[in-house]
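Down below is the structure, laid out as structure tokens.
The values are calculated or read from the model by the stated rules, or taken from the named source; none is laboratory data. This one's a predicted model, so the numbers in the text were calculated from it and none came from an experiment. Because the Cβ atoms are built from the backbone with ideal geometry, glycine has one as well, and the counts that use them run over all protein chains shown. For accessibility, only protein heavy atoms count, side chains too; no ligands or nucleic acids. Shrake-Rupley method; radii C 1.70, N 1.55, O 1.52, S 1.80 Å.
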Amino acid sequence: MESIANLLNGFATALSGWNILYCVIGVTVGMLVGILPGLGPVTAIALLLPITFTLDAIPAIIMLAGIYYGSMYGGTVTSVLINVPGEAASVVTCFDGYAMAKQGRAGTALGVAAIGSFIGGTVAVIGLTLIGPPLARFALGFGPQEFFAIMVLGLAMLMGLIGKSVIRGMLSAFIGLSIALIGMDPMTGLLRFTFNEPNLMEGLDFVVIAMGLFGISEVMVGYEAAGSSVPITRISKLFPERHEWKPTMGAIGRGTILGFFLGLIPGANAVIASVLSYSIEKKIAKDPSRFGKGAIEGVAGPETANNSFSGAAMIPLFTMGIPTSPTVAILFGAFIMHGLTPGPALFQSNPDLVWGIIASMYIGNVVLLIFNLPMARLWAKITQVPESIMYPAIVAISVVGAYSVSGSLFQVGVMIISGIVGYIFKKVDIPLAPLVLTFVLGKLMESTLAQSMIYFEGNFLLFFTRPISGTVLAIAILVIVFSFVSVIKGKRDRLASDTEI
Amino acid sequence: MKRTKIVTGAVILAVAVLFFIMSFSYGYYNRFGPGSGFFPLWINGGLIILATLFIIESIREKPNASAETWPKSKALANIVATIGSLVVFSLLVPLLGFVVPCAIMLSIMLIFHYKWYFAIPAALISSILILIVFQSLLGLRLPVNQFNW
């Protein structure tokens, strides 16, 4: 009951003043980002983060969260209409969505995806409403030992799941940790790795690094893949036939549950949710040969799963202050930038903010349903924006954003270097997601480890004497061991190259 | 791409070794517990091992194991123009303020795709619009000159 009352207060916050407008702007930008190939949610949030400097925390985070879940809706449109996924989580939608479009059923594919996305997204937010407060209360009892262990588990999962090679995943994570240590040591005040450069005293800025790694490098990669636009398929009937409702709703139900639970696991991502959902639907289908030829479950399941995932991924952020995917890591950065620390205390210290954001996610999902069902063709036209205009615009916004972080051209230089590094890393198959996560968590990991080591009087093994930290660290070790074993046995599937980007 | 991987690994290794050596000067342990050098020492030590493994993995890789290739002709020109335009922007801003360097930056990127009489005015108008939107409407700091543009 307490959650319901808080949620109603949240609706009052989300609907008041400019907040509702920022929610609509956020989901609209999210749709655009999802639709435009080569521009993913991580890039978009990183680019737009500096613009929120002048906003209050509530509208800023409402808008940035809207970009995240809005992009999951938008990615479907291009997958179905032109066989090009707008963002990584919609790759599998191409298989059956585009096949349906070729059969003249593009409208039905988009309609089913929109309904599934709405159900998945809304159920995830209901989950956040119900599970969030008790989980946050539970997490309030955590010490630095537990937080350190959970961060290690998150990184182990991410390194284990992303990319071809565990070594490259770990390499990326350690690079992120290493550059996070540049600047002043928060425990002792000592300057480290600054080479007497005053601009490095406070360390490298997360927003600038993210804009370079994702924004600038994405432009460079995009120029390589630039091609001519594809004509848009005609959109007609939006709802499935009567006999298709039962399998559709079954796929939506399974996608919702799968996406929700994956969202709670540190290190999982929306691509894994949609790929697993597709595999499950294919496996349980009476006639799996339909898949790839326009099976409606092949659109409904994955599209539901990736939206359910993105809503549920907010739960670890809100309740434990731990980002579980690169996009959520950038949102974590947004909280910090606005002087807030995501974590269990947030529900008590800033209830207006937390419940306002949660309420805005209900509103955002309704807005997105309206955007997607009757307005699909309008959005589809945006795919025709040429790269020759889009990329210079991204570069100009990046420059403005990087400079505005501290009013220094030094930051523009850091962004250019990060862009070149991101481009080379993509070329040599070093995933960027672990780097971003460890960079944002680096100082927190160091301080929780230091506090734990002081508590344990220098004996690291005592981590295993506490039930939660011991269990979580043991799981993390198992994940890394299994990842290496899978590499040695050659059974490692590449679920996603560098996801959500 | 194999050679690029080995070179990338070598650069990461060199930086990791430098940071590892520097970590010793920060103090491994103090009377309260881990010192400022504790975490950097372990992280950069790990980074040295991982960079070495990455180099070995890259050396062992079959020549055509990666689908990635370096860009050619037009794409390469666009990428070089993007980075070049950013560098030109950074060099000109202290002298000229925001609008002119931004217009030059955008012109360099647009000139490959559009006629000059479209690219240059479009770049100039876009730069002025960016100034108005980001500085006047959104209140962000831009690197303007004494005339505030």
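Observations on the model:
- Cα shape, the range B:92-137, gyration tensor, a/c 1.5 rule: oblate
- Semi-axis lengths, Å, chain B, gyration tensor of Cα atoms, sqrt of 5 times eigenvalues: 43, 28, 11
- 1.4 Å probe, heavy atoms, protein only - residues of the range A:408-441 losing at least 30 Å² accessible area vs chain alone: A:Leu409, A:Ile416, A:Tyr423, A:Ile424, A:Lys427, A:Val428
- Hull-based mean projected area of the range A:265-420, where the convex hull spans the alpha carbons, in square nanometres: 13.2
- Two-decimal ratio, the range A:1-78, of alpha-carbon radius of gyration to 2.2 N^0.38 Å: 1.19
- Sulfur and carbon atoms: percent of accessible area, chain A [1.4 Å]: 68
- Summed over the residues of the range A:376-501 and divided among them, the accessible surface reaches 41 Å² per residue at a probe radius of 1.4 Å.
- Net charge dipole, the range A:129-208: roughly 360 debye, given to the nearest 20, about the Cα centre with Cβ charges of +1 for Lys and Arg and -1 for Asp and Glu.
- For the pair the range B:37-66 / the range A:363-430, the C-alpha centres are spaced 31 Å from each other.
- Note on the range A:211-327: percent of Cα-Cα distances in each 10 Å bin, starting at 0 and stopping at the bin with the largest distance, equals 13, 30, 30, 23, 4.
- A straight Cα-to-Cα reach below 19 Å connects B:Lys62 with the lysines A:Lys164, A:Lys426, A:Lys427, A:Lys489, A:Lys491, B:Lys2, B:Lys5, residues fewer than 8 places away in its own chain not being considered.
- Accessible area (Å², per residue) of the range A:194-330, counting only protein heavy atoms and a probe of 1.4 Å: 37
- The aspartates and glutamates within cross-link reach of A:Lys283, meaning a Cα-to-Cα straight distance under 12 Å and a gap of 8 or more places when in the same chain, are A:Glu297.
- Rounded FRET efficiency, nearest 0.05, which uses the C-beta distance separating A:Ile4 from B:Trp70 and R0 of 45 Å: 0.20
- Under 5 Å, built H, 5+ apart or other chain: amide partners of A:Arg192: A:Gly183, A:Met184, A:Asp185
- Reach of A:Lys237 by Cα under 16 Å, taken over lysines that are not fewer than 8 positions away in the same chain: A:Lys102
- Centre separation in Å (Cα based) which lies between the range A:12-88 and the range B:69-121: 28
- Entry note: the range A:321-362 has Rg to Rh equal to 0.96, where both radii use alpha-carbon atoms and Rh is the Kirkwood radius.
- Cα-only radius of gyration and Dmax that characterise the range A:89-186, units Å: 20.8, 61
- Surface burial for A against B, with a 1.4 Å probe and both sides summed, reaches about 5200 Å² of accessible area.
- A convex hull fitted around the alpha carbon atoms of the range A:350-478 yields 264 Å³ per residue.
- Efficiency of FRET from Cβ geometry, A:Ala474 and B:Leu18, R₀ 56 Å, rounded to 0.05: 0.95
- Cα principal axis extents for the range A:85-138, largest first, Å: 51, 20, 13
- Based on Cα atoms of the range A:270-319, Rg over Rh with Rh as the Kirkwood radius reads 1.11.
- Computed extension length for A:Thr465-A:Lys102: 124.7 nm, one decimal, from 0.36 nm per residue of separation with the Cα-Cα distance subtracted.
- Largest first and in whole Å, the equivalent-ellipsoid semi-axes of chain A read 34, 25, 24, each the square root of five times a Cα gyration tensor eigenvalue.
- Mean residue ellipticity (222 nm) of the protein assembly as shown, computed from DSSP H runs ≥ 4 via -39,500 (n - 2.57), nearest 500: -22500 deg cm²/dmol
- Here the simple spin-label model places points 7 Å from the Cα toward Cβ, and for A:Val487 and A:Gln348 these points are separated by 4.2 nm.
- Between the alpha-carbon centres of the range B:131-147 and the range A:131-157 there is a gap of 42 Å.
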